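Derivation of every value follows stated rules applied to the coordinates shown; laboratory data play no part. Here the structure is a predicted model, which is why all the values come from computation and not from measurement. Note that we place each Cβ from the backbone using ideal geometry, even for glycine, and neighbour counts take in every protein chain shown.
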Amino acid sequence: MPAAVSPTSRPSRRLTASTKLALGVFGVLGIFGLSATGCRFMPSGAHWIEGHGEGRLVHLAGSPAGVLGIGEDTHLWAYPVEWSRPWVQRDGAQELRTIASSPVALYAIVKSGEVVRVVDGRWTTFAGSIGWGATSLGASEDDRLFIVIGGTIRRVEGVDLKEAPCDGVSAAVVSGVRGDEIYVVDAAGALHHGTPTSCPIVPTPTPVRDVAARNGRLIVVATDGRVWRRRGDEAWRLLPAVNKYRPFRGPFEVKAAQVALTDYSTWLLDREGSVFVLSDES
């Protein structure tokens, strides 16, 4: 314990050896791009990078400029926007249940149960959708919208609901690819590849809870929180574990909850609501 300082005396302004050492350590941390609030050494090779601002989300969807998400307040947020405000609430005061995106539009199920399409800040409701009972949705690269109604997949065409591949599957999650090609996760955690003529099961290393497909990449989140990727006919590849860094503790692994893809990036939501992007797509 340091000696007490008399109220009438002035402490020395000379730096002690321990103070010099502390300043030296912080100087080194600054040189190497580290901070006292979450110091880290980036691993070599691909790894997950946590987004700035520690956004707290419940669902993700890719966007041309980054990622969109439903916050814990049920509103729509965008990332990244600018360094001083990495997360910004998007237009509209709609309360959302879930979202999906194509390269040109965002789709959402709002609190009332209606399905909406969002382009350039304009929210357009699909007529009659309040009676659909949609619980999940997925959009394709060519802007086709698929929804899940009571475990059955339907393709939205204007205000009509059309039959879609994998009609006999009890669907939980759907991800559009192009045209009528889709991937589906069923209620038991099996992955299906739907086309206009078939819906075979795609063998996976372990049961899955989420799927995303874009530009020849197929990503699944396993029920154990690990993330797997496959390109074309290649074998499944286990992606790096998701490590989180917090002040005054070592890095710790977290489990993935959901993935979202854009043309060039892979985004991930962990089970604590934090957002990550994969550092290397090779």
Item checked: Ranked by how many other beta carbons lie within 10 Å on average, peptides 134-141, 63-70 from highest -> 134-141, 63-70
Next item on the list: Return the long-range amide H neighbours of SER136 (sequence gap of 5 or more, or a different chain), with a cut-off of under 5 Å between placed amide H atoms.
Entry: VAL148
Check: How big is the range 48-278 by Rg and Dmax over its Cα atoms, in Å?
Finding: 17.0, 55
Note to self: Could you give each residue of the range 233-245 its phi-based ³J(HN,Hα) in whole Hz, using Karplus coefficients 6.51, -1.76, 1.60 with θ = phi - 60°, and x for Gly or Pro?
What the structure shows: 9, 5, 6, 5, 10, 6, 7, x, 5, 8, 10, 10, 10
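Determine Rg/Rh for the range 70-157; Rg is computed over alpha-carbon atoms and Rh is the Kirkwood hydrodynamic estimate from the same atoms. Could the numbers behind the result be given before it?
Working: Rg = 13.3 Å, Rh = 13.6 Å.
Ratio of gyration radius to Kirkwood radius for the range 70-157: 0.98.
Over all directions, average the projected area of the Cα convex hull of the range 125-257 and note it in nm². List each step's numbers first, then the result.
Values: hull surface 39.6 nm².
Its average projected convex-hull area is 9.9 nm².
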Checklist line | Compactness of the range 107-178 - radius of gyration and Dmax, Cα, Å | finding: 11.5, 36
Check: If you build the Cα gyration tensor of the range 234-282 and take the root of 5 times each eigenvalue, what three semi-axes come out, in whole angstrom, biggest first?
Finding: 22, 13, 11
Check: Among PRO251, VAL211, THR223, whose Cα lies farthest out toward the positive end of the dipole of the range 201-258, if unit charges sit on the beta carbon of Lys, Arg (+1) and Asp, Glu (-1)?
Finding: PRO251
Margin query: Under a crude label model (7 Å from the Cα following the beta-carbon direction), how far is ARG122 from THR135 in nanometres?
Written below: 3.4
